[in-house]
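Since the structure comes first, as structure tokens, the remarks are kept for the end.
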Amino acid sequence: MFTYNHQLRVRYSDTDQMGYVYYANYGNFFEQARAEAVRSLGIAYKDIEAAGIIIPVTRMNIKFINPAFYDEVLTVKTSIPEIPHRDLLFKYEVYNQKGKLINKAETHMVFANVQTKQLVSAPLLLLDKLKPFFETPIEEQFDRINPNHIIEPVLPVHIWKYKKAG
């Protein structure tokens, strides 16, 4: 899983008359956080667009837990929990400076050709940067294998025997 933490300070213009962060502004916070998360990989959205691919948001879900207020420093923990194919899932957790959880959210996005708007596969320039975060050493994969559910061996026999013996 790829994870990135982005910090931002709540501006006065981000709040409503009650002094809380206005709910619609969280979408902007998530956009900032995911743009910086991708940038931390060494690429920018403009690089992906230059390759002829756009990534529109198709769905956003959010659960509000606690309010955030003017001048607070928020940390938006942004993660990509699975390697993207034709779609891309971002998950977010927003914390205030005291470590209190403010909300949880996710955005679902798709990859599309910039000219035709047809769905396409994830661009290699993004996949190449994400791949190291999703490679699991073979030893860690053993914990996820239930031998009662194996119909055909999925690992070389010598490795399987070694794990069962240990």
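Could I have the simple spin-label model distance between residue 31 and residue 134, label points 7 Å from Cα toward Cβ, reported in nm to one decimal?
2.6
Between residue 119 and residue 82, how many nm apart are label points set 7 Å from Cα along the C-beta direction?
Distance between label points: 1.3 nm.
Report, in listed order, any pair from 77/129; 46/131; 46/91 with a Cα-Cα distance greater than 29 Å.
Exceeds cut-off: none, every pair is within range.
Among residues other than residue 105 whose Cβ falls under 9 Å from its Cβ, what is the net charge (Lys/Arg +1, Asp/Glu -1)?
Result for the local shell: +1.
Provide the net charge surrounding residue 92, with neighbours chosen by a C-beta distance below 10 Å and charges set as Lys +1, Arg +1, Asp -1, Glu -1.
+2
Sorted by average packing, counted as other Cβ atoms within 10 angstrom per residue and highest first, what order do 64-70, 17-23 take?
64-70, 17-23
Select from the stretch 69-101 those trypsin sites (Lys or Arg not before Pro) which occupy a DSSP coil region and have at most 11 other Cβ atoms within 10 Å, ordered by residue number.
86, 98
Taken together, the values in this text are just the output of simple stated rules run on the coordinates, not laboratory data. Please read these numbers as outputs of a predicted model, since none were measured by experiment. When we count neighbours, we look across all protein chains shown, and the Cβ atoms used for this are built from the backbone with ideal geometry, even at glycine.
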